[in-house]
Amino acid sequence: MMNELTLLQRIVVWILPVVFAITVHEVAHGWVAKKYGDNTAFMLGRLTLNPIKHIDLVGTIILPGILLITGTGFIFGWAKPVPVDPRYFKNPRRDMAIVALAGPVSNLLMAISWALCARIGVALNMEVLSLPLIYTGIAGISINLVLALINLLPIPPLDGSRILTGILPSRLAWKYNQLEPYGFYILLLLLATGALGAILAYPMYIVQQLFFSIAGL
């Protein structure tokens, strides 16, 4: 459906879902960390939905913009990571895994919200109101599912690696986390070679169909 839109229309449709998906993801990490005793994000003013506090020039603006303009059909990004200090946790490995899981969970909850937004658009059956709600809902579902799935990949420092670290034996977890300095380059390599799309294609199709059914599409 997005192919029917002009570039300007695609930007208008995607901008809010992308900004909210990335911002809420980071706030979720900080909010859960605070619940487990770490006030770092709160003290630094990062527990806010004000996107300006979270924008990363490359991850929030440049990369999503390039993917949108090139029409790859695959859009993702990131915000400035919310600082989390596991020294404040009673059980650092377990609590850090829960804090990490909060990000993808927040994206799934947002995907449900956008699906309901699209469903309202379908129910209204008034083109002037329905189409913006439907298109924005589709964008919201897509970006949040992509972020949830990418962040669940076990590539340090993605959330999936933090969750896996909480499960692995301590010695093996320490060795595994030595990959962290190379994680960003591994992710870019997967993206550049098309491997990332291939890895996510089937699970993305399955969950997307589920959420589109909720949206009535």
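The values are calculated or read from the model by the stated rules, or taken from the named source; none is laboratory data. Keep in mind that this is a model prediction, so the values were computed, not measured. Positions of Cβ are backbone-derived with ideal geometry, glycine not excepted, and every protein chain shown enters the neighbour counts. These accessible areas exclude ligands, DNA and RNA; they are computed on the full protein's heavy atoms, side chains included. Shrake-Rupley method; radii C 1.70, N 1.55, O 1.52, S 1.80 Å.
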Tabulated pairs, region 21-42, first in contact (Cβ under 8 Å) with a residue 12 or more places away in the chain, second open to solvent by 20 Å² or more (accessible area, probe 1.4 Å) and of a type in the set (D, E, K, R), C-beta under 7 angstrom, 6+ apart or interchain: Gly30/Arg46; Gly37/Lys90; Asp38/Asp85; Thr40/Asp85; Ala41/Lys34; Phe42/Lys34
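Does Pro157 meet the test of being over 30 Å from Leu217 (Cα atoms), in contact with a Gly (Cβ under 7 Å, 6 or more places away or on another chain) and surrounded by fewer than 20 Cβ atoms within 10 Å (Cβ to Cβ)? So that I can check it myself, show each step before the final result.
Values: over 30 Å from Leu217 (Cα atoms): yes; in contact with a Gly (Cβ under 7 Å, 6 or more places away or on another chain): yes; surrounded by fewer than 20 Cβ atoms within 10 Å (Cβ to Cβ): yes.
Considered against the rule, which asks whether it is over 30 Å from Leu217 (Cα atoms), in contact with a Gly (Cβ under 7 Å, 6 or more places away or on another chain) and surrounded by fewer than 20 Cβ atoms within 10 Å (Cβ to Cβ), Pro157 comes out as yes.
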Selection count, region 188-206, where residues are within 16 Å of the chain's Cα centre (by Cα) and crowded, with 16+ Cβ neighbours inside 10 Å: 4
Residues within region 10-59 that are assigned to a helix (DSSP H, G or I), open to solvent by 20 Å² or more (accessible area, probe 1.4 Å) and polar (S, T, N, Q), tallied: 1
First in region 129-141 and free of Cβ contacts under 8 Å to residues at least 24 places away in the same chain, second anywhere and basic (Lys, Arg), Cβ under 9 Å, 6 or more apart: Leu133/Arg119
Residue in region 119-140 that is assigned to a helix (DSSP H, G or I), at pLDDT 95 or above and open to solvent by less than 60 Å² (accessible area, probe 1.4 Å) present: no
Residue check for Gly160: at pLDDT below 90 and in a helix (DSSP H, G or I): no
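Pick from Pro104, Pro81: which is open to solvent by 90 Å² or more (accessible area, probe 1.4 Å), touching a residue at least 40 places away in the same chain (Cβ under 8 Å), out of contact with any Phe, Trp or Tyr (no Cβ under 8 Å at 6 or more places or on another chain) and closer than 18 Å to Ala148 by Cα? Walk me through how you get there before you give the answer.
Numbers: Pro104 fails: open to solvent by 90 Å² or more (accessible area, probe 1.4 Å).
The conditions single out Pro81.
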Residue count for region 3-32, restricted to those that are over 17 Å from Met110 (Cα atoms) and of a type in the set (Phe, Trp, Tyr): 0
